[in-house]
Amino acid sequence: MSDSTTENAIRQFLAVFRRMLSTGRKVAAEDASRVIETPDGFDRRAFGPAVAAMARDGEIVAAGFRLSTQSKHHCGIKRVWLLVQHDTNAEGGTSNE
């Protein structure tokens with residue numbers, strides 16, 4: 001797999017993941033990865049560091065777990081995420097809700 005193929009897939013994944021998160025619902029990374037078309041042999045675990053970076057940067061927060069909806073994961077446990085909402089408060093800072 002070329003680096004550009006991987007980078008393109010990650011960009012697509014992040015766009016879909018953020019769109020799904022913007023609905024306000026809890027979303028598992030597998031939900032977004034399922035709709036991304038990737039070449040044969042692509043390792044979708046490449047999306048994991050992108051999700052970890054979003055969490056580290058405070059863009060998303062863990063919101064629990066659920067069983068995988070994909071049979072290839074044998075009903076494994078998947079973390080679900082929520083988008084962090086930043087509201088400006090009276091002092092000009094931000095607060096999470």
### Query
Restricting the stretch 47-63 to residues that are assigned to a strand (DSSP E or B) and among the small types (Gly, Ala, Ser), which is surrounded by the most Cβ atoms within 10 Å (Cβ to Cβ)?
Ala63
### Task
Quick one: count up the residues across the stretch 1-29 that are out of contact with any strand residue (DSSP E or B) (no Cβ under 6 Å at 6 or more places or on another chain) and part of a helix (DSSP H, G or I).
18
### Message
For the stretch 38-47, give me the residue count where each residue is without any contact (Cβ under 8 Å) to a residue 24 or more places away in the chain and either in contact with a helix residue (DSSP H, G or I) (Cβ under 7 Å, 6 or more places away or on another chain) or on the phi > 0 side of the Ramachandran plot (or both).
### Response
1
### Task
Determine whether the stretch 38-48 contains at least one residue that is at pLDDT 95 or above and either among the charged types (D, E, K, R) or in contact with a Leu (Cβ under 8 Å, 6 or more places away or on another chain) (or both).
no
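For the stretch 21-35, which positions are of a type outside the set (Gly, Ala, Ser) and more than 17 Å from Ala53 (Cβ to Cβ)? Walk me through how you get there before you give the answer.
Residues of the stretch 21-35 of a type outside the set (Gly, Ala, Ser): 21, 23, 25-27, 30-31, 34-35.
Correct list: Thr23, Arg25, Lys26, Glu30, Asp31, Arg34, Val35.
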### Query
Of (1) more than 9 Å from the chain's Cα centre (by Cα); (2) surrounded by 11 or more Cβ atoms within 10 Å (Cβ to Cβ), Ser22 satisfies all except one. Which?
(2)
### Task
Any residue in the stretch 1-19 that's touching a residue at least 60 places away in the same chain (Cβ under 8 Å) and within 14 Å of Thr38 (Cα to Cα): show its pairings with residues that are surrounded by 12 or more Cβ atoms within 10 Å (Cβ to Cβ) and of a type outside the set (S, T, N, Q) at Cβ separation under 6 Å, as long as the two are six or more apart or on different chains.
none
### Query
Name the pairs whose Cβ atoms lie under 9 Å apart, with the first residue in the stretch 50-61 and over 16 Å from Glu30 (Cα atoms), the second charged (D, E, K, R) and in a helix (DSSP H, G or I), and 6 or more positions between them or separate chains?
Glu59/Arg18
#### Entry: Pair list, Cβ under 6 Å, 6 or more apart: the stretch 25-37 residue under 13 Å from Ala15 (Cβ atoms) and in contact (Cβ under 8 Å) with a residue 12 or more places away in the chain, other residue of a type in the set (Lys, Arg) and not in a loop (DSSP other than H, G, I, E, B)
Ser33/Arg44
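The values are calculated or read from the model by the stated rules, or taken from the named source; none is laboratory data. Not measured: the values here are computed from a predicted model. With ideal geometry, Cβ positions are generated from the backbone for all residues, glycine too; neighbour counts draw on all protein chains shown.
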